[in-house]
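Worksheet: the structure to be examined is printed underneath.
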Amino acid sequence: MPDYPYRSKTRHSCVRPGLNSVLNPAKLSKIIGGGAEVNNFLALLGTLGAITSTITTIIIGALSDLTRSRWGRRTPWILSGSVLTALVMVGLGMINTKEQLWIFILLWCLLQTFINFVVAPLIAIIADQIAPKHRGLISSIYAAGFIIGQYGGPVVGGFFLSDNHPELVNTGYYVLAIAMLLSGPVAAVIIKEKSSLSMPRQKINRSNFAQYFIFPVRQARDFYLALFGKMLIAITITAFSVYQLFFLTSGMGLTSTSAGTYISLAGVATMVTALIFAPISGPISDKLHTRKKPVFLASLLIAAGTLIPFIYAQPDAMVWYGIVAGIGSGIFFSVDQALNLEVLPNPENSAKDLGILNFANTGAQIMGPVLGAILFKAVGNQYLPILPILAAIALAGGVLIMLIKRVN
């Protein structure tokens with residue numbers, strides 16, 4: 001492991017906008033209608049997407065570890081993934097009728113596959129090139145890019161919501177496709193990955209198949225505590241994001257146009273506060289030699305922010321959510337990747353195992369709608385009563401992180 005801080009690393013922001021936060025709910029509610037029917041369809045997308053993403057995360061991460069090319073192990077996957085993901089986003093934007101919904105489902109599953117071409121190799125670069133003492137700093141830089149994508153996506157998506165021009169939502173898919181298309185080349189230029197042709201070539205056989213393609217089973221207790229702990233926190237963030245349109249419309253009585261305005265305001269508030277706290281949280285965790293406590297603090301803040309619109313059911317509560325949960329998200333995403341690297345069972349399989357851990361984020365974006373649909377029915381077809389349950393889920397994730405033994 002080299003001892004320089006970040007040589008070729010900065011997370012410019014590849015990724016990954018709020019398709020399922022704003023555009024999917026808006027488009028599907030226009031095609032299907034509101035209420036339980038659209039929730040059920042979002043849940044179906046979540047279930048199929050989760051299955052697809054889980055399988056492809058492992059396979060693509062392993063294949064990335066084994067790739068030998070003049071452009072390195074990770075760059076070919078990142079470049080091809082950005083192009084293919086952009087094409088699928090364009091296809092999603094072209095779906096406009098109930099008869100085409102089966103195509104929407106197919107494209108959504110392809111999206112989960114192709115975006116993993118980008119995500120699984122991208123996060124492994126930290127393990128490839130960054131010295132352990134600098135991982136908190138680099139995790140902060142990674143977090144900044146993730147936060148821009150996570151919270152900037154809904155901000156951008158909110159501009160494409162209009163009661164008078166419902167077709168405008170399709171333009172949102174095309175704009176995000178362009179952003180995704182540009183992300184791969186930008187990443188390649190910044191990373192400047194070295195050739196991997198000189199690395200030993202590994203052949204897959206029966207004896208090492210499990211090492212490359214199966215979930216880790218040895219000395220993996222902390223690995224799975226980190227996986228499920230961060231997944232619960234991320235599910236809360238994602239479920240809130242996915243259903244924020246309905247919190248404002250069905251829960252608070254706003255029109256789609258007005259809701260889009262508040263979604264954009266909340267997104268800006270979340271992104272700004274998260275970007276303020278992300279750059280400082282990772283270096284502080286490096287200096288204090290602790291990862292668990294910052295993540296637990298983050299879970300408390302995210303839970304507190306999630307409760308605000310339930311306690312104070314007014315549109316501006318979404319902005320207060322953005323401020324409080326944004327601080328928590330900045331801390332969480334900043335320290336998260338450093339924590340991941342310290343619970344890896346086998347660093348030689350970093351892309352595969354980090355891909356599995358990263359499924360806590362990507363999988364949460366897929367499973368959030370499923371959980372939301374289940375909770376919506378459980379609380380009597382209402383949206384705002386979902387929020388206390390989501391807050392409890394975030395706290396449970398923080399508790400699991402505190403149970404990790406190998407990391408301070």
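Rank by packing, highest mean first: peptides 139-147, 47-55, 115-123, 259-267, with packing defined as the count of other Cβ atoms within 10 Å averaged across residues.
115-123, 139-147, 259-267, 47-55
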Discussion item. Under a crude label model (7 Å from the Cα following the beta-carbon direction), how far is LYS30 from ILE214 in nanometres?
Written reply: 4.8 nm
Discussion item. Checking understanding here: applying a Kyte-Doolittle mean of at least -0.5 and a length along the axis of at least 20 Å (C-alpha), which whole DSSP H helices in the chain pass?
Written reply: 36-66, 75-93, 101-129, 135-158, 168-191, 221-246, 256-288, 292-311, 317-342, 350-378, 386-402
Response to the item:
Those chymotrypsin sites (Phe, Trp or Tyr not before Pro) from region 48-107 that are DSSP loop and have at most 13 other Cβ neighbours within 10 Å turn out to be none
Fill in: Alpha-carbon centroid distance for the pair region 97-117 / region 141-199, whole angstrom
18 Å
Worksheet item: Which value, in debye to the nearest 20, describes the size of the charge dipole of region 214-298 about its Cα centre when Lys and Arg Cβ atoms bear +1, Asp and Glu Cβ atoms bear -1, and nothing else is charged?
Response: 400 debye
Response to the item:
FRET efficiency for LYS133 and ILE103 from the Cβ-Cβ distance with R0 = 51 Å, rounded to 0.05, comes out at 0.55
Discussion item. Give me the one-decimal nm value for the distance between modelled label points at VAL186 and THR290, 7 Å along each residue's Cα-to-Cβ direction.
Written reply: 3.5 nm
Discussion item. Tell me the net charge near ALA298. Cut-off is 15 Å between Cβ atoms, ALA298 excluded, with +1 for each Lys or Arg and -1 for each Asp or Glu.
Written reply: +3
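Kindly put MET89, MET271, MET402 in sequence by how many other C-beta atoms sit within 10 Å of each C-beta, fewest to most.
Neighbour counts put them in this order, fewest first: MET402, MET271, MET89.
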Worksheet item: Given a Förster radius of 25 Å and the C-beta distance between ALA378 and MET402 as r, what FRET efficiency does 1/(1 + (r/R0)^6) yield to the nearest 0.05?
Response: 0.35
Discussion item. Among LEU307, ALA360, VAL370, whose Cα projects farthest towards the positive end of the dipole of region 254-371, with charges put on the beta-carbon of Lys, Arg (+1) and Asp, Glu (-1)?
Written reply: LEU307
Worksheet item: Per-residue ellipticity at 222 nm for the chain, helices alone: DSSP H runs ≥ 4 residues times -39500 (n - 2.57), over residue total, nearest 500 deg cm²/dmol?
Response: -25000 deg cm²/dmol
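Rule-based calculations on the coordinates, nothing more; no lab input. All values derive from a computational prediction rather than experimental measurement. All Cβ positions, glycine included, derive from the backbone under ideal geometry; neighbour counts span all protein chains shown.
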